[in-house]
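Note sheet for the following structure.
Please treat every number below as a calculation from the coordinates, not as lab data. In this text the structure is predicted, and so the values were computed from the model without any measurement.
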Amino acid sequence: MNEHSATAAGGTAKVREKVRLRAAREADAEVLAALHRAAFGAAGWDAESIAKMLSVPGTEAMLALRAGEEARSDPCGMVMGRLLGTDGEILTLAVAPGLRRRGIGSRLLSALMAGMAMQGAERIILEVAQDNAAAIALYERLRFQVMGKRPKYYAKGRKAPVDALLMAHQFNCGCGG
Ligand SMILES: CC(C)(COP(=O)(O)OP(=O)(O)OC[C@H]1O[C@@H](n2cnc3c(N)ncnc32)[C@H](O)[C@@H]1OP(=O)(O)O)[C@@H](O)C(=O)NCCC(=O)NCCS
């Protein structure tokens, strides 16, 4: 995906954050891992795992960088996904804790989805923990709908396992998505 500028708007306080999005590659694995760790703590992925995922054909990642900064100096969000045939899958999405509710997550996800659609994706699927209200709200806003559940799917770093919701966004469904 090409580098482009975006002005992200959102948040209850309606703070606007200027972010630039760019494709991320295996060389960015450390940066991606740092963002992932900051968002997921003990369940965060390490750079080696991320580099391995990125080496799988069809896997893409994007970084959000605060506008005006050097390309790798101030990363504030990341998304990873994989396109297999006409199915796109969101592997992960994370925004730096201090910069949430400013539209960065939506921008990242929308950009990755748009790229997958251009490459032939007919739908995008993902899994999200049932107790992750922030992520579920974002996904519903981007017209993802719950299509199933995986019981007790998330256990790492938790006192008790939590179900995963399977959500899907259908392109060209005639519902405006
Ligand atoms: C989920 C996450 C990526 C959202 O990123 P973000 O940049 O804060 O999201 P946005 O600012 O684009 O939010 C877009 C909309 O989603 C919804 N939303 C986002 N965070 C929310 C929250 N904490 N509570 C309720 N709604 C929320 C709102 O509708 C919001 O629009 P609004 O701010 O105008 O009301 C971020 O909270 C995060 O990194 N969480 C930890 C990692 C994670 O859970 N990733 C998802 C794994 S499946």
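In table form, for the structure just shown:
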{"quantity": "Convex hull of Cα atoms in the chain, direction-averaged projection (nm²)", "calculated": "10.2"}
{"quantity": "Distribution of pairwise C-alpha distances over segment 131-171, 5 Å bins, in %", "calculated": "6, 22, 26, 23, 13, 7, 2, 0"}
